[in-house]
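Accompanying notes for the structure given below.
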């Protein structure tokens with residue numbers, strides 16, 4: 001029985017010893033606390049990050065190096081021009097596009113254009129006003145285009161010219177050209 005009592009006593013002394021060592025270690029390492037400046041205006045880190053505006057948007061390498069076109073239909077709901085699930089896709093496309101065309105009621109299409117410009121989109125934005133049916137006036141179609149792909153790293157690709165048209169080797173107003181046209 002004596003042996004069991006000594007074990008409990010030993011356990012208790014080990015716990016007390018460990019607690020004393022921990023308190024000495026913690027209090028021995030602490031510095032003098034920093035004084036709080038009550039008169040200074042404070043701002044949390046998150047607010048500072050939200051308020052900071054950048055003048056550039058990182059471009060997507062794949063979109064930058066290829067010719068592409070994409071179309072999105074957006075519906076204005078209250079103060080929101082895009083649904084949450086569209087926002088990332090739309091701005092990824094907008095910031096990597098060369099040209100954007102917005103089709104819709106004039107005032108709403110202009111709101112979308114101004115929204116893009118206010119949020120750092122540098123692409124040319126063309127507004128094409130169209131008359132829509134009464135139930136569709138809160139919608140716009142937005143088309144994004146890019147023709148940034150390069151050939152041989154020094155010639156820009158023109159997506160409209162696939163095969164250049166050969167110049168005729170005879171004068172256009174010559175008699176032979178008129179005769180060939182009249183044959184049809």
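The values are calculated or read from the model by the stated rules, or taken from the named source; none is laboratory data. Since the model is a prediction, treat every value here as computed from it, not as a measurement. Methodologically, a virtual Cβ is constructed for each residue, glycine included, from the backbone with ideal geometry; neighbour enumeration extends over all protein chains shown.
In table form, for the structure just shown:
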quantity: Pairs with Cβ under 9 Å, 6+ apart, first in the range 116-135 and over 14 Å from residue 106 (Cα atoms), second surrounded by fewer than 12 Cβ atoms within 10 Å (Cβ to Cβ); calculated: 120/53; 120/54; 120/55; 120/56
quantity: Residue match in the range 45-59 (condition: within 30 Å of residue 136 (Cβ to Cβ) and either surrounded by 10 or more Cβ atoms within 10 Å (Cβ to Cβ) or at pLDDT below 65 (or both)); calculated: no
quantity: Residue check, residue 34 over 30 Å from residue 139 (Cβ atoms), modelled with pLDDT under 85 and surrounded by 10 or more Cβ atoms within 10 Å (Cβ to Cβ); calculated: no
quantity: The range 82-104 residues that are free of Cβ contacts under 8 Å to residues at least 12 places away in the same chain and on the phi < 0 side of the Ramachandran plot, paired with ones that are in a helix (DSSP H, G or I) and crowded, with 16+ Cβ neighbours inside 10 Å (beta carbon under 7 Å, 6 or more apart); calculated: 82/90
